[in-house]
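Read through the structure below, which is laid out as structure tokens, and then see the notes.
The values are calculated or read from the model by the stated rules, or taken from the named source; none is laboratory data. Just so we're clear, the structure is a prediction, and the values are computed from it rather than from any experiment. Glycine also receives a Cβ, built like all others from the backbone with ideal geometry; neighbour counts cover every protein chain displayed. Surface accessibility is based on the protein's heavy atoms, side chains included, excluding ligands, DNA and RNA. Shrake-Rupley method; radii C 1.70, N 1.55, O 1.52, S 1.80 Å.
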Amino acid sequence: MQATSTVDRPEAPAQTASRSWHKAIKDLSHGFSQRQLWAHLGWQDIKQRYRRSVLGPLWITIGMGVTAGGLGLMYSTIFGMDASQYVPYMTVGFMIWYFIQGCLSAGTEVFIQNEGLIKQLPAPITIHVLRTVWREFLLFLHNFVVYFIILAVFWTTISPHLSWRIVTVIPALALLVVNGGWVVLLFGVASTRFRDIPPVVNSLMQLLFFMSPIVWPIEKLEEHAGPRAALAQINPIYHFVEIIRAPLLGTDQQWHHWVVVLGITAGGWLLALFVLRNYRARVAYWV
């Protein structure tokens, strides 16, 4: 009777789960570390849009200026307001809205449009998110030039109200950009999985615009709606607009807007990181 020899089999290597906070944070940190790549791609997106154009990206500033001048003068008459007060109000509102709209619209297509790069380039998916946010911020900076033109035209009206509080526009813009990151990431992953989301977002964009105090002054709503004007507080865009527009125009600012924006920032990024943790590896299969 032969003794059966027992051969020790090597243990199989432990499998690393694709759903882990470590990989999600690693994807995010590696995306930030490759800033030369996404910064270059974002700038190239703008240059490609205005390829063979004589003025190039300056058309962004011109378009914003024409909108501010034309609609500003018209709506100031409709609302019975002085153009020197209404045109700056509407101009700053439009600048902020264009950034928010760009992040929402481009966010729904961010991974779908970059299908080839995602499948061929072994890179963090957050690179495409950062590229989109950077491109929209560059567009915002082009539009921001119009603010200085408006400031020069209506200097006698705006300058008496400006104070040291204008420096708060720096952290306000930083919060706007940071929130653009989670919006693009969250809507990008969701739209890649559910292709009905992009047309739904685009359909609701116009409604969201008219429900936000971009064209209409919040004072007019409070004047005619009374206590019902408090419903404007549930619109998150209202708070983002206020923390930027108030210091730029030197108007009084209520600090609860900052509390709401900080809460949205924290909650939005927690949700976006959760989605990144669970579905980061599936994006390449969904596109």
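Just need the Rg to Rh number for the stretch 210-287, please, alpha carbons only, Kirkwood Rh. Walk me through the intermediate numbers first.
Values: Rg = 17.3 Å, Rh = 14.9 Å.
With Rh from the inverse mean 1/r over Cα pairs, Rg/Rh is 1.16.
Step through the residues of the stretch 170-177 one at a time and calculate ³J(HN,Hα) from phi using the Karplus curve (6.51 cos²θ - 1.76 cosθ + 1.60, θ = phi - 60°), rounding each to whole Hz and writing x for Gly and Pro.
Values, residue by residue: 5, x, 5, 5, 4, 5, 4, 5 Hz.
Give me, ordered by chain and number, the residues 5 or more places off Gln34 or on other chains with an amide H under 5 Å from its own placed amide H.
Distant-sequence amide H within range of Gln34: zero hits.
Can you find, among Phe94, Val184, Gly72, the residue farthest towards the positive end of the dipole of the chain? Put +1 on the C-beta of Lys and Arg, -1 on that of Asp and Glu.
Val184
For the stretch 130-142, what does the Karplus curve 6.51 cos²θ - 1.76 cosθ + 1.60, with θ = phi - 60°, yield as ³J(HN,Hα) per residue in whole Hz, taken in order and with x for Gly and Pro?
5, 4, 5, 5, 5, 4, 5, 5, 5, 4, 5, 5, 4
What is the gain in length, in nm to one decimal, between Thr251 and Leu73 on full extension, counting 0.36 nm per residue of separation less the C-alpha to C-alpha distance?
62.0 nm
I need the peptides 133-146, 105-118 ranked by packing, meaning the mean over residues of other C-beta atoms within 10 angstrom, with the highest value on top.
133-146, 105-118
In whole percent, what relative contact order does the chain give with Cα contacts below 8 Å and a gap of six or more residues?
That works out to 28 percent.
Can you give the charge dipole size of the stretch 24-115 about its Cα centre, rounded to the nearest 20 debye, using +1 on the beta carbon of Lys and Arg and -1 on the beta carbon of Asp and Glu?
On the way: 6 positive and 5 negative charges, 69 e Å.
Charge dipole, the stretch 24-115, about its Cα centre: 340 debye, nearest 20.
Could you tell me how far the Cα centroid of the stretch 178-224 sits from the Cα centroid of the stretch 45-108, in Å?
Rounded to whole Å, the Cα centres lie 17 Å apart.
Give, in nm to one decimal, the length gained when the segment between Arg51 and Met211 is fully stretched (0.36 nm per residue of separation minus the Cα-Cα distance).
Working: separation 160, 0.36 × 160 = 57.60 nm, distance 3.50 nm.
Stretched fully, the Arg51-Met211 segment lengthens by 54.1 nm.
Could you state how much accessible area Trp155 has, in square angstrom rounded to the nearest 10, with a 1.4 Å probe and all protein chains kept in place?
Accessible surface of Trp155 is approximately 130 Å².
Can you give me the distance in nm between label points at Trp286 and Val259, each placed 7 Å from the Cα along the Cα-to-Cβ direction?
Taking the simple label geometry, Trp286 and Val259 are separated by 3.5 nm.
Test of understanding: extend the Cα→C-beta vector of Ile197 to 7 Å, then name every residue of the stretch 259-284 with backbone N under 16 Å from that spot.
Backbone N within reach: 268-284.
Can you give the Kirkwood hydrodynamic radius for the chain, in Å, rounded to one decimal and based on Cα pairs?
In the chain this quantity evaluates to 21.2 Å.
Assign one of three labels to the stretch 49-115, namely rounded, prolate or oblate, based on the Cα gyration tensor with a ≥ b ≥ c the square roots of its eigenvalues; rounded applies when a/c is under 1.5, prolate when it is not and a/b is larger than b/c, and oblate otherwise.
oblate
About its Cα centre, what dipole magnitude does the chain give when the only charges are +1 on Lys and Arg Cβ and -1 on Asp and Glu Cβ, stated in debye to the nearest 20?
Its charge dipole is roughly 920 debye.
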